[in-house]
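The values are calculated or read from the model by the stated rules, or taken from the named source; none is laboratory data. Source: prediction; values computed, not measured. Positions of Cβ are generated from backbone atoms using ideal geometry, with glycine treated the same way; all protein chains shown enter the neighbour counts.
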Ligand SMILES: CC(C)(COP(=O)(O)OP(=O)(O)OC[C@H]1O[C@@H](n2cnc3c(N)ncnc32)[C@H](O)[C@@H]1OP(=O)(O)O)[C@@H](O)C(=O)NCCC(=O)NCCS
């Protein structure tokens, strides 16, 4: 499967929203994505096939030297082919160069996402009890830390 990792723009909205609605019980609305596109503290990237189709996307927000992975999703038809890993690696490369750590929350039952995060070095550092109250489900808090070379 051939694709490029590119910054998201309005041309990707339709494809992103289709995946978003297929993946999440409480999907981000179109307006949330549009606001994120114009928010300087948010970075949105897309895995785009040669024909322009959106295969997956991810969002990172940054405040000072702290990063938060706010979103990552891959088209159900394109999973287990490394797309999620390549998307996340973009933010990890950015994190290593610019951040102290990258944090995220994930449903305790989301084995696929937890597997991805653990493969790329995230560790579980906390648990928010009943965070997803509707489903009585806990969230795991996971973090990847980036040691500062040369800083005391
Ligand atoms: C999580 C998600 C983004 C992974 O995307 P993906 O492109 O299928 O993942 P990759 O193919 O890059 O997999 C990378 C690694 O993640 C782990 N992984 C991925 N899917 C997995 C699964 N179903 N079960 C267990 N581990 C899994 C594996 O360690 C895998 O490495 P491997 O293929 O060498 O075993 C995808 O499952 C998804 O979109 N889920 C729905 C949205 C979601 O839950 N997002 C996270 C919200 S916190």
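A few comments on the model shown:
- For residue 43, the criteria (1) within 16 Å of the ligand (Cβ to nearest atom); (2) under 19 Å from residue 3 (Cβ atoms); (3) in contact with a helix residue (DSSP H, G or I) (Cβ under 9 Å, 6 or more places away or on another chain) hold in every case but one, which is (1).
- Qualifying residue in the stretch 31-46 (condition: modelled with pLDDT under 95 and either exposed (fewer than 13 other Cβ atoms within 10 Å of the Cβ) or closer than 27 Å to residue 100 by Cβ (or both)): no
- Taken over the stretch 126-152, the criterion of being in contact with a strand residue (DSSP E or B) (Cβ under 9 Å, 6 or more places away or on another chain) and either closer than 19 Å to residue 88 by Cα or in a loop (DSSP other than H, G, I, E, B) (or both) is satisfied by 136, 140, 141, 142, 143, 144, 145, 146.
- When residues in the stretch 62-98 are screened for being under 15 Å from residue 121 (Cα atoms) and away from the ligand (no atom under 16 Å from the Cβ), 3 of them pass.
- Filtered residue count, the stretch 1-38, keeping only those that are free of Cβ contacts under 8 Å to residues at least 12 places away in the same chain, under 24 Å from residue 106 (Cβ atoms) and away from the ligand (no atom under 14 Å from the Cβ): 3
- Residue match in the stretch 63-85 (condition: touching a residue at least 40 places away in the same chain (Cβ under 8 Å), surrounded by fewer than 14 Cβ atoms within 10 Å (Cβ to Cβ) and under 23 Å from residue 140 (Cβ atoms)): yes
- Considering residues of the stretch 100-113 that are outside any strand (DSSP E or B) and touching a helix residue (DSSP H, G or I) at 6+ places or on another chain (Cβ under 9 Å) only, the residue surrounded by the most Cβ atoms within 10 Å (Cβ to Cβ): 113
- Counting only residues that are farther than 16 Å from residue 45 by Cβ, out of contact with any helix residue (DSSP H, G or I) (no Cβ under 8 Å at 6 or more places or on another chain) and in a helix (DSSP H, G or I), the stretch 62-95 holds 1 of them.
- Odd one out for residue 35, checked against (1) assigned to a helix (DSSP H, G or I); (2) touching a helix residue (DSSP H, G or I) at 6+ places or on another chain (Cβ under 7 Å): (2)
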